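Okay, structure first, notes after.
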Amino acid sequence: MYSGAAAAAGPPRRDFISVTLGPEEAVGVGGYNNSKAWRRRSCWRKWKQLSRLQRSVILFLFAFLAVCGVISYTSMGEAWKSITNKSLDEQRTEQEIPGLKLAKPAVLPAPQKADVNHGDYPELSLQKPPKPPHVHRGPSNLQIKAPRRDMRLKTRHDTVRAVEELVEADKVEKTEKSIISWRGAVIEPDQSTEPPSSKIKEPEKPSSVEAEDQKEPVPINERQLAVIEAFRHAWKGYKDFAWGHDELKPLSKSYSEWFGLGLTLIDALDTMWILGLKEEFEEARKWVANDLVFDKNVDVNLFESTIRILGGLLSTYHLSGDSLFLEKAKDIGNRLMPAFKTPSKIPYSDVNIGRGTAHPPRWTSDSTVAEVTSIQLEFRELSRLTGDEKFQKAVDEVMKHVHTLSGKNDGLVPMFINTNSGQFTHLGVYTLGARADSYYEYLLKQWIQGGKKENELLEDYMRAIEGVKKHLLQRSEPKKLTFVGEVAHGHFSAKMDHLVCFLPGTLALGAHNGLAADHMKLAEALIETCYQMYAQVETGLSPEIVHFNLHAQKGHKDVEIKPADRHNLLRPETVESLFYMYRFTGDKKYQDWGWEILQNFNRYTRVPTGGYTSINNVQNPSNPEPRDKMESFFLGETLKYMFLLFSDDIDLINLDKYVFNTEAHPLPIWVPA
Ligand code: DMJ
């Protein structure tokens, strides 16, 4: 308000509108608060003035906006969090390694379902990531590719059949395919394997059963599939024409009998297990359960029935955990024991397993040195499993006796030993071939089996290898191949049996177990020679015996073959050594050599109607002269070693846990490395 007296006395005054304030505003807490309160009140007044419909519309709009807000906040929050984390990670990395930005970790796609009906065949699945092969040795990895669409597999039967067709048609591609074998890796020996004590005790458990469920199945590759195909072809012949008999005669579609004990079937049991041939294995098991009878009036050879039958049953027991095989092993083991009842305790060569009598061959009272010294792994293991020491005692006595014998030449043994006197006979002839071969092999392998404690065995082995170097090693011309010849009464002969080709593998096994490194060098040289025994021959298959040229002659190869020696019995020794060499070196050339050999077996010894046959002439590719006989060791050894050679899984019969008998039946090492 403006008054006349004030105007007359000073500057003109402004007029004011007087407003009466209520108590709230009178406290005078600041213009902002006052105006907010005023706005709130006037908004409320306006809200009250709206119609009900208008209010509902506004409320609905508010609610809608609120929901949208919440949703977008959540997703933005996640995005923000990851951005923040990423930048934090980047910051951290840069703090740890200044100036270095790490590549982003690879993003793995979600696992795809394999195109396989697992319901039909639960044991099989495709494309499991392969175990890193040879982690200890570092050969290049197998590349496991996705299965081809035309290889969709519904059952395990289909699997093998599909592959059979592929291989048969020679359409095998170089790519690696993987199929999981049903046995998985049921080959872990019992970690608690212990040497047998001197007292009878509770039987040991099989080595593998517990590990069965814990291990990843093992993928197999193209070459292994080709071995499976070969095995199944051989098995077909045996099944069709020789079921339950000793050997298949694939051309005449019949069989031959040696002991009348289903030799091929028993020899092949653990091979089927290792190859994953479940149906075939089950069928063979039934035969063992129902038809294998040892109570027969029949003479069997102690050595052959020990390595093939006793060895085969024991290893199958370990792999499968099926007590049927142990029972059968005990039965045959007991029936073979009369062989040891001789004046010298050096066993007779032959036993009548039904009558319980034993005798030497008709023409002599001698036994073969290799035969009486290559039954130990099996009988020792039988003692460990049964707790009955008599088996081990009998065979240990033979080794102890041979250890003390005179007549050796720098550790090299003659080929015969007399069962009455216990002395070597036919002195002066030394070979690593027939009649002596596995003596050397079993010195080393018993030492390994028993946990490397039995020093006499090791001494005899080391001395013998020195003897080989001193007396039997020579080099051929023109290729300067190192070979193991023979000595007869001081005269060197450049003759080498294919049987000697076990030696590179044995030497490599010794070197792997800590023996002299030069043993490995010798093994490398000798396996090259054994390979050349195949490669220099017209069919690419080795004869039974070769003679090496010691002097270079124009147009002559290193290897000469005499007409009487040019047969091939489908023997395993070279493939066996290739397996050891590959396991210990990882050098793929050994696999390639084995692959060549398998292809040549397929080319020259395969009988179309089923089975493989020994041949008479490895030098005539157009007519190798089939012999009409498939030896049991072709399934027991040759194909098994092939399959193992092509594997990159060192746990597929781990050589620090198992030792192979001379018929390729794996037995557990008592104190595994
Ligand atoms: C097999 O019975 C065994 O390998 C034995 O040691 C030697 N002979 C045959 C294989 O060639």
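The values are calculated or read from the model by the stated rules, or taken from the named source; none is laboratory data. As the structure is a computational prediction, the values presented were derived from the model and not from experiment. Glycine also receives a Cβ, built like all others from the backbone with ideal geometry; neighbour counts cover every protein chain displayed.
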Just give me the residues in region 254-306 being touching a Gly at 6+ places or on another chain (Cβ under 8 Å) and among the basic types (Lys, Arg), in sequence order. Lys296
So, Leu319, is that one assigned to a helix (DSSP H, G or I), touching a residue at least 24 places away in the same chain (Cβ under 8 Å) and within 16 Å of the ligand (Cβ to nearest atom) or not? no
Being more than 16 Å from the ligand (Cβ to nearest atom), within 25 Å of Pro624 (Cα to Cα) and not aliphatic (A, V, I, L, M) narrows Thr574, Thr529 down to just Thr529
Can we say Phe584 is surrounded by 15 or more Cβ atoms within 10 Å (Cβ to Cβ), within 24 Å of Pro478 (Cβ to Cβ) and away from the ligand (no atom under 15 Å from the Cβ)? no
Expected single match for touching a helix residue (DSSP H, G or I) at 6+ places or on another chain (Cβ under 7 Å) and crowded, with 24+ Cβ neighbours inside 10 Å among Ala358, Ala339 is Ala339
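Within region 260-276, which residues are assigned to a loop (DSSP other than H, G, I, E, B) and touching a residue at least 60 places away in the same chain (Cβ under 8 Å)?
Scanning region 260-276 gives a single hit, Gly276.
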Testing Arg603 on (1) more than 16 Å from the ligand (Cβ to nearest atom); (2) basic (Lys, Arg); (3) buried (at least 23 other Cβ atoms within 10 Å of the Cβ), one condition comes back false. Which one is that? (3)
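Every residue, every condition in (1) of a type outside the set (A, V, I, L, M); (2) under 25 Å from Asn617 (Cα atoms); (3) surrounded by fewer than 17 Cβ atoms within 10 Å (Cβ to Cβ), yes or no:
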| residue | (1), (2), (3) |
| --- | --- |
| Lys521 | yes, no, yes |
| Thr529 | yes, yes, no |
| Val546 | no, yes, no |
| Asn549 | yes, yes, no |
| Glu576 | yes, yes, no |
| Trp593 | yes, yes, no |
In region 474-524, how many residues are acidic (Asp, Glu) and within 26 Å of the chain's Cα centre (by Cα)? 1
Mind listing whichever residues of region 372-391 are within 29 Å of the chain's Cα centre (by Cα) and either within 16 Å of the ligand (Cβ to nearest atom) or within 21 Å of Pro343 (Cβ to Cβ) (or both)? Thr373, Ser374, Ile375, Gln376, Leu377, Glu378, Phe379
Could you please find all residues in region 247-257 being in a loop (DSSP other than H, G, I, E, B) and touching a residue at least 24 places away in the same chain (Cβ under 8 Å)? Pro250, Leu251, Ser252, Lys253
Select from region 290-309 the residues that are touching a His at 6+ places or on another chain (Cβ under 9 Å) and buried (at least 24 other Cβ atoms within 10 Å of the Cβ) and list them in ascending order. Ile307, Arg308
Determine which member of the set Ala434, Ala394, Ala464 is closer than 30 Å to His556 by Cβ and out of contact with any Pro (no Cβ under 7 Å at 6 or more places or on another chain). Ala434
For region 657-673, check the following and say yes or no: at least one residue is more than 26 Å from Leu444 (Cα to Cα), modelled with pLDDT under 95, in a loop (DSSP other than H, G, I, E, B) and out of contact with any Pro (no Cβ under 6 Å at 6 or more places or on another chain). no
Do you know which of the residues in region 619-669 that are of a type outside the set (Gly, Ala, Ser), closer than 22 Å to Val537 by Cα and free of Cβ contacts under 8 Å to residues at least 24 places away in the same chain is farthest from the ligand (Cβ to nearest atom)? Asn623
Can you confirm whether region 410-418 contains a residue that is within 16 Å of the ligand (Cβ to nearest atom), of a type outside the set (A, V, I, L, M, F, W, C) and within 15 Å of Leu457 (Cα to Cα)? no
Looking at region 324-352, which of the residues that are touching a Phe, Trp or Tyr at 6+ places or on another chain (Cβ under 9 Å) and touching a residue at least 60 places away in the same chain (Cβ under 8 Å) is nearest to Ala284 (Cα to Cα)? Leu326
Return the pair list, or none, for Cβ contacts closer than 6 Å from residues in region 278-294 that are more than 13 Å from Leu263 (Cα to Cα) to residues that are surrounded by 12 or more Cβ atoms within 10 Å (Cβ to Cβ) and of a type in the set (A, V, I, L, M), at least 6 apart or on different chains. Glu280/Met272; Phe281/Met272; Ala289/Leu324
Does Pro668 satisfy being of a type outside the set (A, V, I, L, M, F, W, C) and surrounded by fewer than 20 Cβ atoms within 10 Å (Cβ to Cβ)? no
Check Gly514, Gly490, Gly485, Gly505 and return the single one that is among the small types (Gly, Ala, Ser), more than 16 Å from the ligand (Cβ to nearest atom) and farther than 30 Å from Gln553 by Cβ. Gly514
Mind checking whether some residue in region 337-344 is farther than 26 Å from Pro668 by Cα, modelled with pLDDT under 95 and among the basic types (Lys, Arg)? no
Read through the list (1) surrounded by fewer than 22 Cβ atoms within 10 Å (Cβ to Cβ); (2) in a helix (DSSP H, G or I), then give the number of the only condition that Val487 fails. (2)
